[in-house]
Amino acid sequence: MTLLSNKKILVFLILTFSLSSIFYYLKNSGDTSHDYTLALMWCPGIAAILTQLVFTQSIRNLGWSIPSSKYLSIGYFVPLDLCDVRLRFRMVDWNWHL
């Protein structure tokens, strides 16, 4: 790995740690009225975008594009089908803990 790659990884890890430590502090400070799990899950993604902006000043290289309609429909209907199957099994009383 090159020196630039090592710097990018180090910056990403520092940003991820810094962002997530804010929410870990809030979570462990005794405030039970909020759930910070969603914010914690966003921390690596935000750190990746910030790292890309720091080193290349653009997020065009992240590979974001609109996929073909085939993959969009698969990504939309497969989770719905799985939920439907799960609910149908739940309607049958087999004493399973789903």
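Below are the figures for this structure:
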quantity: Checklist (1) assigned to a loop (DSSP other than H, G, I, E, B); (2) in contact (Cβ under 8 Å) with a residue 24 or more places away in the chain applied to Thr32, failing item; calculated: (2)
quantity: Residue list for the range 48-84, filter: of a type outside the set (A, V, I, L, M) and in contact with a Leu (Cβ under 7 Å, 6 or more places away or on another chain); calculated: Thr51, Gln52
quantity: Hits in the range 26-35 (condition: surrounded by 10 or more Cβ atoms within 10 Å (Cβ to Cβ) and at pLDDT 85 or above); calculated: Leu26, Lys27
quantity: Qualifying residues in the range 36-77 (those that are polar (S, T, N, Q) and assigned to a helix (DSSP H, G or I)) - the one surrounded by the most Cβ atoms within 10 Å (Cβ to Cβ); calculated: Thr51
quantity: The range 36-86, subset under 30 Å from Phe17 (Cα atoms) and over 21 Å from the mean Cα position of the chain (by Cα), residue modelled with the lowest pLDDT; calculated: Gln57
quantity: Residue check for Leu4: under 15 Å from the mean Cα position of the chain (by Cα) and surrounded by fewer than 10 Cβ atoms within 10 Å (Cβ to Cβ); calculated: no
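The values are calculated or read from the model by the stated rules, or taken from the named source; none is laboratory data. Keep in mind that this is a model prediction, so the values were computed, not measured. We place every Cβ from the backbone using ideal geometry, glycine too, and count neighbours over all the protein chains shown.
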